[in-house]
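Reading through the structure tokens given below for one structure.
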Amino acid sequence: MSQRVKQNVARLESPGRIPGIDLARGLAILGMYVAHLTVVTSLEWSRPQTWLGVVEGRSAILFATLAGVSLGLMGSRMRAQAGEHDAARAQRKPIMIRAVLIWTLGLLLLSLDIPVFVVLPAYGLLLMIGAFLVTWSGRALAITAALTAAVAPFVVALIDSGGQPERGSAAELVSDVLGWNYPFVVWLAFVAAGIIAGRVIRRGIGPTVLLLVSGVALSVLGYAVLGPVGNQVIARYGADLPAGSTFWALSVFRDDPHSNGVGEAFGSGGFALAVLAVSVLAATTSLRWLLWPVRVIGSMPLTAYTAHLLVWGIWIMVTPGVGSDIHRLHGFLALDPFWPITLGVTAGCIAWTLIWGKGPMEQLVHVVSTGAGEPSGLVDGSSPAPGKERGL
């Protein structure tokens, strides 16, 4: 094994890196692969054969939560410099540049006309907002996360009550620019909770166990208490209820994937925190080596996420007669693309890691945003080295 390969392998085991974060991010990417590249049955907790449906919606929420986690890991220096306007602004600038680059990449992927919800435009906006939240106290972040999860779903439901925007309309353009399939007014809760989680994880195993317990409790609250209220109203009266009516308000408590309901915000947000905690705890054991390929994917999430959409986009461009969303979706899924793409991207990520180290998209974003200065984890999932804060 060459010295360069040894160095690149050691990069994922460096003292300044928390392997569980790479693992959690890898699981989020693979979850989105399953959601996008297979036909997933709707999840019913009482039916184990449907449990693969857990990836729907929750994978993207985990991905967004991890953006907050990485910000939380690098936030102590920014908090210390919050009173120093110039210093704090200098720390925030690279994050903002990364956010714009990721947002732009998301819009480019949307232009491929792939029939999936592309998360990157929303992710970019959430990074921009998170760059300002990262200096807040834990109490302020907790209040923000709770209030946002409880109130913002009603705002989104009211905005969406007019129906989906027409294709090619100005409203659709605004929706794409704002990443409205993942509305930032609700998803801000996940970033705020992730920042708290990042600070908790740094404190060790005990606090991480408490994070796991908190995540499970929030999941029970969302899925077993709040969600059933909205689900029953939807089942009885349908989704087209008059905005502002009593039953409409109750329907907003729903918890189904991509509903942006109160139940989903608490339930899936808690689920993301629980998965994160389990990943961090698992990666302190020998499982970290068994799951090394997943960690590799998690070390270059932007590259891995972009790759599977590019493959789909190329298929659309080279396949004659691909017209409606239905044809673009079912025609591609009929090829059974999950395993070829997943194994191919995994092999590519491993090879790239061994030969070159940091993922190509991550390296590009890093160079553009920092001028190849101080290393940063803002897109590769690394945690800050002791004494050297690094981002997402």
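Please work out which one of (1) within 17 Å of the chain's Cα centre (by Cα); (2) at pLDDT below 95 is the condition ILE195 fails and give its number.
(2)
Where residues in segment 33-53 are in contact with a helix residue (DSSP H, G or I) (Cβ under 8 Å, 6 or more places away or on another chain) and among the β-branched types (Val, Ile, Thr), which of them is most open to solvent (accessible area, probe 1.4 Å)?
VAL39
Considering only residues that are over 12 Å from ARG295 (Cα atoms) and open to solvent by 30 Å² or more (accessible area, probe 1.4 Å), which ones fall in segment 1-14?
The answer is MET1, SER2, GLN3, ARG4, VAL5, LYS6, GLN7, ALA10, SER14.
Any residue in segment 90-115 that's touching a residue at least 40 places away in the same chain (Cβ under 8 Å): show its pairings with residues that are basic (Lys, Arg) at Cβ separation under 6 Å, as long as the two are six or more apart or on different chains.
Within 6 Å, the pairs are PRO115/ARG328.
I'd like to know if segment 232-252 contains one or more residues that are at pLDDT 95 or above, of a type in the set (A, V, I, L, M, F, W, C) and under 17 Å from the mean Cα position of the chain (by Cα).
Scanning segment 232-252 turns up no residue that is at pLDDT 95 or above, of a type in the set (A, V, I, L, M, F, W, C) and under 17 Å from the mean Cα position of the chain (by Cα).
Report, by residue number, each residue of segment 24-53 that is among the hydrophobic types (A, V, I, L, M, F, W, C) and over 26 Å from GLY331 (Cβ atoms).
ALA24, LEU27, ALA28, TRP45, TRP51
With the structure loaded, tell me whether GLY138 is over 19 Å from VAL262 (Cα atoms), within 14 Å of the chain's Cα centre (by Cα) and not polar (S, T, N, Q) or whether it fails that test.
It is false that GLY138 is over 19 Å from VAL262 (Cα atoms), within 14 Å of the chain's Cα centre (by Cα) and not polar (S, T, N, Q).
From the residues in segment 202-228 that are open to solvent by 50 Å² or more (accessible area, probe 1.4 Å) and in contact with a helix residue (DSSP H, G or I) (Cβ under 6 Å, 6 or more places away or on another chain), which one is nearest to ALA282 (Cα to Cα)?
Looking at the filtered set, the residue picked out is VAL216.
Which numbered condition trips up ARG17, out of (1) modelled with pLDDT of 90 or more; (2) open to solvent by 10 Å² or more (accessible area, probe 1.4 Å); (3) farther than 21 Å from ALA192 by Cβ?
Result: ARG17 fails condition (1) only.
Applying the selection to segment 245-289, what residues are in a helix (DSSP H, G or I), of a type in the set (S, T, N, Q) and farther than 16 Å from LEU62 by Cβ? Give the steps one after another, and end with the answer.
First, the residues of segment 245-289 that are in a helix (DSSP H, G or I): 246-251, 262-282, 287-289.
Of the ones still in play, those that are also of a type in the set (S, T, N, Q) are 246, 251, 268, 279.
Scanning segment 245-289 gives THR246, SER251.
I'd like the full set of residues that are open to solvent by less than 30 Å² (accessible area, probe 1.4 Å), β-branched (Val, Ile, Thr) and in contact with a Lys or Arg (Cβ under 9 Å, 6 or more places away or on another chain), limited to segment 310-368.
ILE316, THR353, VAL365
Would you please list the contacts, defined by Cβ atoms under 7 Å and residues six or more apart or on different chains, that run from a residue in segment 358-383 that is at negative phi and part of a loop (DSSP other than H, G, I, E, B) to a residue that is modelled with pLDDT under 50 and crowded, with 23+ Cβ neighbours inside 10 Å?
Every condition considered, the pairs that remain are SER376/GLY391; GLY377/SER383; GLY377/GLY391; GLY377/LEU392; LEU378/GLY391; LEU378/LEU392; VAL379/LEU392.
When you check LEU125 against the structure, is it crowded, with 23+ Cβ neighbours inside 10 Å and at pLDDT 95 or above, yes or no?
Answer is yes for this residue.
The values are calculated or read from the model by the stated rules, or taken from the named source; none is laboratory data. Note that the structure is a prediction, hence the values are computed from the model and not measured. Positions of Cβ are backbone-derived with ideal geometry, glycine not excepted, and every protein chain shown enters the neighbour counts. We work out accessible area using only protein heavy atoms, side chains counted, and drop any ligands, DNA or RNA first. Shrake-Rupley method; radii C 1.70, N 1.55, O 1.52, S 1.80 Å.
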